[in-house]
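This report concerns only the one structure given below.
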Amino acid sequence: MALVLCLAGCASSGYGRRIAPAQLAFYQGDAAASAAILASDIEQAGDADRHLLGLERAMALQAQGRFAEAAELMVQADQRLEVLDYSHAPVTALADTLFSLRAGTWKATPPEKVLVNTQNMINFLGAGEIEEAAVEARRVGILLLQEDLPEEERYANPLAWALAGLIFEHAGKPGEAAEAFREAGPTGLEKPAAPGEGTLLVVVQNGRVPIRVQAVYQLWLGGKLRRLQIPELVRRTGGAAKSPVWLDGKPVGEAPVLLDLQGQALHRYGRELPRLLAAAVLQMVPRAVLSDALRRAAKDSGQDPHAGANALVELGATVFEQALGEWFPVDTRCWSLLPGEIRALRLSVRPGEHTLAVDLPGTHVGRIERTVTVTAGGVSLVNIVTALGDGSGHRSAPGSGNMTGTRAGLAALELALATREIWRHD
Amino acid sequence: MVKTNHSRWALLLITLVLGACATSYTRASEEPQIDEAAMSTRLDRVDLERAVERWIEGFERSQFIKGLGGGKPNIAILRIANETSEHVSGALANLLNSVETRLVNSGRWSVIDNTALSRDAVMAERLRGLGDSVDKATTAALGKEFGIHYFINGRVGDTAEKTDDKRRVQYYLFLRVTDVATGVAVYQKQVDITKQMEG
């Protein structure tokens with residue numbers, strides 16, 4: 001029997017449906033409405049989603065410049081955050097987390113955990129609370145150095161190190177600052193303000209981080225249609241190709257990318273995929289066993305089985321197996337209001353009021369202008385979020401196209417080939 | 001009869017469900033041990049009380065106190081800086097108030113309220129970035145503008161380590177008393193506190 005692999009579609013999880021109105025408001029440019037929707041969601045949510053919704057709301061507050069409130073929410077979430085590394089966790093733990101009958105407490109991935117502290121450095125800088133920002137800088141340092149992060153990821157976050165360096169410098173900790181800047185490598189954030197001037201830090205949070213959606217694969221195995229569902233990571237559109245910065249009408253440089261969240265997430269997903277598929281197979285087996293039991297029971301009870309009745313039994317068992325999958329979808333919860341990448345530029349500026357503009361070609365907003373006050377020896381932050389007002393947040397669903405050639409599709413095909421024999425002998 | 005049994009079972013089930021969902025509250029004055037349990041790796045009231053107790057105890061027994069003459073010199077606590085990886089600024093503000101209270105109650109000092117220093121914009125800005133050492137200009141201003149004879153300043157630092165299932169934070173509280181007239185440290189002591197979270 002030939003093996004057939006095709007994609008049936010994707011489904012929104014309960015969390016996906018819950019977050020959609022807040023996402024829509026955010027991407028349509030109304031961060032205040034997004035924050036208000038999320039505040040109401042948090043009140044109604046159980047413990048399982050509360051901290052993730054808190055992080056989403058913190059991003060909506062941060063985009064409005066309500067840094068102190070955003071920081072408080074992130075501190076609360078950080079204290080209770082559970083972490084699960086999809087690329088290293090045992091398959092049974094993954095299956096338990098992603099495919100359990102009842103959604104448990106959301107578990108952040110290690111990069112998401114690092115981002116809580118990275119974003120909170122931005123929040124406390126924006127709020128002018130340098131001592132609290134330094135706390136976050138120390139926390140991020142501990143995570144990056146002591147967490148079980150692979151070597152290449154440990155140093156793939158120059159933004160966190162560079163922000164930490166800038167914060168320690170302004171907190172009067174030159175030793176810690178030098179150490180953090182050394183870990184960051186050359187980013188441009190290590191250049192101090194000229195004597196008598198202040199620092200203007202321009203942060204551009206560009207695009208949207210990839211998110212997880214449920215991908216459903218139909219596998220023709222041992223003469224029966226089997227449903228395999230996994231959390232697929234999908235990129236999202238939007239963002240500016242570059243972001244030149246203007247100060248008081250003069251070009252002063254371009255903010256370089258210091259953290260490529262999208263690239264890192266997709267790279268990491270490649271490592272996670274074999275385990276995710278193995279966990280998905282673990283979840284597929286009970287559904288298959290149940291539908292096969294239904295098949296056998298129906299056939300055993302028939303006195304005079306004929307072709308038409310057999311076809312009906314087959315159809316019923318297949319529908320039953322599909323329905324089980326629909327009832328118990330994959331856990332696709334993730335921190336969705338994060339940007340796809342973060343750029344940062346440090347400027348030495350004379351004290352006083354200045355007009356800062358950032359060109360964002362390719363986005364709906366086009367150009368953002370802000371008035372900012374700089375003090376001698378101080379640090380002022382301008383935080384630009386390009387996704388705010390950059391459209392509806394449409395994502396390309398894996399169900400909408402041919403999966404042939406995609407990483408998940410190819411991996412699922414390999415897995416199906418490997419497991420075909422199991423079903424053949426069943 | 002059957003109906004009655006069903007009603008009983010239903011009542012029992014409702015009681016069990018409601019009982020399982022009910023939230024309970026406890027008053028520490030009735031169950032003092034609830035104050036003892038550590039709930040996080042941050043500093044709690046018990047940590048602060050023990051830290052203050054140990055520092056004050058050492059201070060009271062120090063050569064400096066023994067050599068202090070009569071009268072009630074003016075003293076102020078400037079700032080206890082947070083140099084940890086935990087958001088404990090609120091706890092440190094309580095620690096500062098706690099040390100102030102102990103000094104007032106000792107009857108040996110006239111304590112200049114820390115908030116009086118914070119109300120002065122220039123002094124508040126000076127104190128904001130204060131680390132271990134206090135510059136001469138600030139020391140002079142403390143004596144001249146506020147009549148302070150001695151001041152206390154310090155910091156809380158930590159060493160935090162994390163493995164897969166454990167996070168341990170070792171705090172050290174360092175407080176120093178300085179004579180405004182000479183700028184010399186007359187007493188200093190470090191108090192250590194360790195907290196660990198598992199699971």
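Let's see how each residue does on (1) over 19 Å from A:R226 (Cα atoms); (2) in a helix (DSSP H, G or I):
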position: A:A280; (1), (2): no, yes
position: A:L290; (1), (2): no, yes
position: A:N310; (1), (2): no, yes
position: A:T318; (1), (2): no, yes
position: A:P329; (1), (2): no, no
position: A:I342; (1), (2): yes, no
position: A:E353; (1), (2): yes, no
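Conditions (1) touching a residue at least 24 places away in the same chain (Cβ under 8 Å); (2) touching a Phe, Trp or Tyr at 6+ places or on another chain (Cβ under 7 Å); (3) among the basic types (K, R), marked per residue:
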{"site": "A:Q28", "(1), (2), (3)": "yes, no, no"}
{"site": "A:A31", "(1), (2), (3)": "yes, no, no"}
{"site": "A:S34", "(1), (2), (3)": "yes, yes, no"}
{"site": "A:A45", "(1), (2), (3)": "yes, no, no"}
{"site": "A:A48", "(1), (2), (3)": "yes, yes, no"}
{"site": "A:L52", "(1), (2), (3)": "yes, yes, no"}
{"site": "A:Q79", "(1), (2), (3)": "no, no, no"}
{"site": "A:L84", "(1), (2), (3)": "yes, no, no"}
{"site": "A:A89", "(1), (2), (3)": "yes, no, no"}
Out of everything in region A:141-159 that is in a helix (DSSP H, G or I) and within 14 Å of chain B (Cβ to nearest Cβ), what residue ends up being modelled with the lowest pLDDT? A:R154
Taking the stated definitions as given, is A:R138 more than 14 Å from chain B (Cβ to nearest Cβ), of a type in the set (K, R) and crowded, with 16+ Cβ neighbours inside 10 Å? no
Looking for something crowded, with 20+ Cβ neighbours inside 10 Å and closer than 26 Å to B:T41 by Cβ - is there at least one such residue anywhere in region A:24-34? no
Do any strands (runs of 3 or more DSSP E) lying entirely in region A:213-266 carry at least 3 residues that are surrounded by 17 or more Cβ atoms within 10 Å (Cβ to Cβ), and which ones are they? A:224-234, A:244-247, A:257-259
Top-ranked residue in region B:70-92 [being out of contact with any strand residue (DSSP E or B) (no Cβ under 8 Å at 6 or more places or on another chain) and surrounded by fewer than 17 Cβ atoms within 10 Å (Cβ to Cβ); ranked as nearest to the other protein chains (Cβ to nearest Cβ)]: B:G90
What pairs come up if the first residue lies in region B:35-63 and is assigned to a loop (DSSP other than H, G, I, E, B), the second is acidic (D, E), and their beta carbons are under 7 Å apart, counting only those six or more places apart or on different chains? B:A38/B:D44; B:T41/B:E86; B:R42/B:E86
If you go through region A:47-101 one residue at a time, how many are more than 14 Å from A:R333 (Cα to Cα), of a type in the set (S, T, N, Q) and not in a helix (DSSP H, G or I)? 2
Residue tally, condition crowded, with 23+ Cβ neighbours inside 10 Å and either under 14 Å from A:I37 (Cα atoms) or among the small types (G, A, S) (or both), over region A:55-66: 8
Report yes if some residue within region B:91-104 is at pLDDT 85 or above and in a loop (DSSP other than H, G, I, E, B); otherwise report no. no
State the number of residues belonging to region B:159-186 that are closer than 30 Å to B:G199 by Cβ, surrounded by fewer than 22 Cβ atoms within 10 Å (Cβ to Cβ) and modelled with pLDDT of 90 or more. 2
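Checking the condition farther than 30 Å from A:P186 by Cα, within 19 Å of the chain's Cα centre (by Cα) and of a type in the set (D, E, K, R), which residue from A:R226, A:R212 passes?
Criteria check complete, one pass: A:R212.
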So, A:T97, is that one modelled with pLDDT under 85 and surrounded by fewer than 19 Cβ atoms within 10 Å (Cβ to Cβ) or not? no
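Can we say A:G172 is modelled with pLDDT under 90, in a loop (DSSP other than H, G, I, E, B), farther than 18 Å from A:Q264 by Cα and not basic (K, R)?
yes
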Does A:E369 satisfy being part of a helix (DSSP H, G or I) and charged (D, E, K, R)? no
Of all residues making up region A:172-189, the number that are touching a Pro at 6+ places or on another chain (Cβ under 6 Å) and within 14 Å of chain B (Cβ to nearest Cβ): 0
Of the residues in region A:311-350 that are aromatic (F, W, Y) and surrounded by fewer than 19 Cβ atoms within 10 Å (Cβ to Cβ), the one that is nearest to A:T105 (Cα to Cα) is A:F328
Top-ranked residue in region A:102-135 [being assigned to a loop (DSSP other than H, G, I, E, B) and farther than 30 Å from A:W327 by Cβ; ranked as nearest to the other protein chains (Cβ to nearest Cβ)]: A:E129
Meets criteria (under 29 Å from A:D30 (Cβ atoms) and outside any helix (DSSP H, G or I)) for A:V358: yes
Residue list for region B:93-105, restricted to those being closer than 27 Å to B:S40 by Cβ and more than 13 Å from every other protein chain (Cβ to nearest Cβ): B:N94, B:L95, B:L96, B:N97, B:S98, B:V99, B:E100, B:T101, B:R102
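The values are calculated or read from the model by the stated rules, or taken from the named source; none is laboratory data. The structure presented is a predicted model; accordingly, all values stated were derived computationally and were not measured. Cβ atoms come from the backbone with ideal geometry, glycine included; neighbour counts cover every protein chain shown.
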